[in-house]
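Here's the structure, in structure tokens; my notes come after.
What follows draws every value from the coordinates through simple rules; no lab data is involved. On a predicted model such as this, the values are computed, not experimentally measured, just so you know. For neighbour counting, all protein chains shown are included, and Cβ atoms are generated from backbone atoms with ideal geometry for every residue, glycine included.
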Amino acid sequence: MKTIDDLGDLSGKTVLVRSDLNVPLDGTTITDDGRVRAAVPTIKALLSAGAKVVVAAHLGRPKGAPEAKYSLAPVAVRLGELLEVPVHLAADTVGDSAKATVAALSAGEVAMLENIRFDPRETSKDEAERGALADDLAALADVYVSDGFGVVHRKQASVYDIALKLPAAVGSLVLKEVESLKRATEDPERPYVVVLGGSKVSDKLGVIENLIGKADRLLVGGGMVFTFLAAQGHSVGNSLLESDQIETVKGYLALAAERGVEIVLPTDIVAADAFAADAPHAVVAADAIPDGKIGLDIGPDSQKLFASKILDAKTIVWNGPMGVFEFAAFAGGTRAVAQALVDTEGFSIVGGGDSAAAVRLLGFDESKFGHISTGGGASLEYLEGKTLPGIAVLDR
């Protein structure tokens, strides 16, 4: 992949940067600015090179038309604060406002296009429609820099098609993401441990299948663990269960045993009366969850067990929380895994999405982890061994 250094002299040139600024909002207040902060280094590097920077990004899932609640206005303000320069927000994506806003830029200034998904062509399955939007984007800039790792698994106009229209390179964020994931998947230092959580087994099927035989240990927590427990013949009460995946999980357990991969499941569970922050709860054996109870976290013995399986690892990938970490009473398992990643001397990757959000919510120092990914879905697909279109197009 070409990097910014391969683009030559950028002084006075207009650089279109695809960032991932899809942050959580409470009204117009950003509740986690991690992705905005992650976008800053590449933009600063381009500004230092004398470029005019035009940022393209999306927020939420608008249905191909402007929606006020998905405006990038709060993001533009926050990015400007972090860059310590104004970020001029266009009122549209590639229309008259975008053209005028970009035309008014001087070297060292930043503009942001309004939510790229306000244009239905961005996510179109029709190659010609995406290509037409890419042409409109290309008309605004001289070169393109891909720096939104959270979207590189999408074949979308501002991610894939635009790279066919302009000289293209990868930004420092995407470069770091790919290098970190390669380190964890191509000849990783061993023991190699993968920690999987989150709500559904079905979201992680590809990862489990690809990693059985590559990882030395697979630690399973979160809501997905109850399908594993059910596959072992245990009752899981009212806990989250994907009954249609039980046979698949049985196959994974058998395959892991055949290949010598250690699958570590919780020995105890924090079971509650209801899915609520203040629900009465108690620690129960993982193989004896009472009828009517809902498992919302791994228990204290499991927390110690999981930590012990992480601490001696040389490479650790973590994707998915161990419980409902947003509720203080059920955050212990996620906190224990995060602390073990901090304490280990091995190289750790926090695989984006809810895991990255948990690290910040629980107050951990992000610099203590080897790498915190900004792209949950992209990280998962990379771990599945899939080709990421937004990366492949830069490798051509």
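Quick notes on this one:
- Point-charge dipole on Cβ atoms (K/R +1, D/E -1) for the chain, about Cα centre, debye to 20: 380
- The range 122-249, Rg to Rh (Cα coordinates; Rh as Kirkwood inverse mean 1/r): 1.13
- Neighbours of residue 131, meaning other residues whose beta-carbon lies under 15 angstrom from its beta-carbon, give a summed charge of -3 when Lys and Arg score +1 and Asp and Glu score -1.
- Within-11-Å neighbourhood charge of residue 252 [Cβ basis; K, R +1; D, E -1]: 0
- Among the listed pairs 214/314; 250/314; 2/386; 309/368, those with a Cα-Cα distance over 24 Å are 250/314.
- Of 31, 21, 60, farthest towards positive along the dipole that unit charges on Lys, Arg, Asp, Glu beta carbons give the range 1-78: 60
- Listed peptides 143-151, 32-40 by packing density, highest first (mean Cβ within 10 Å): 143-151, 32-40
- Ordered by the number of other Cβ atoms lying within 10 Å of each residue's own Cβ, fewest first, 31, 248, 334 fall into the sequence 31, 248, 334.
- Farthest toward positive dipole pole in the range 165-211 [+1 Lys/Arg, -1 Asp/Glu at C-beta], among 181, 191, 169: 169
- Calculated P(r) tail over 16 Å for the range 235-311, as whole % of Cα pairs: 59
- Summary of the geometry: the range 329-371 and the range 208-225, compared by the centres of their Cα atoms, lie 18 Å apart.
- Cα centroid separation, the range 127-149 to the range 28-98 (Å): 16
- Values of log10 I(q)/I(0), in the order q = 0.12, 0.31 Å⁻¹, for the range 35-90 under a Debye, Cα-only, solvent-free model: -0.31, -1.41
- Its Cα gyration tensor gives the chain an equivalent ellipsoid. The semi-axes, each the square root of 5 times an eigenvalue, are 41, 22, 19 Å from largest down.
- Sorted peptide list for 294-303, 196-205, criterion being average Cβ within 10 angstrom, highest first: 294-303, 196-205
- Each other residue within a Cβ distance under 11 Å of residue 198 adds +1 if Lys or Arg and -1 if Asp or Glu, for a net charge of 0.
- In the range 277-396, the C-alpha radius of gyration followed by the widest Cα-Cα span (Dmax) gives 16.3, 56 angstrom.
- For the range 88-196, a crude dipole built from +1 on the beta carbon of Lys and Arg and -1 on the beta carbon of Asp and Glu, taken about the Cα centre, is about 320 debye to the nearest 20.
- Mean separation of Cα contacts under 8 Å (6+ apart) over length of the chain, as relative contact order %: 15
- Beta bridges from DSSP with both residues in the range 155-308: antiparallel share about 55 percent, rounded to the nearest 5.
- Ranked by the mean number of other Cβ atoms within 10 Å of their residues, highest first, the peptides 79-92, 14-27 come out as 14-27, 79-92.
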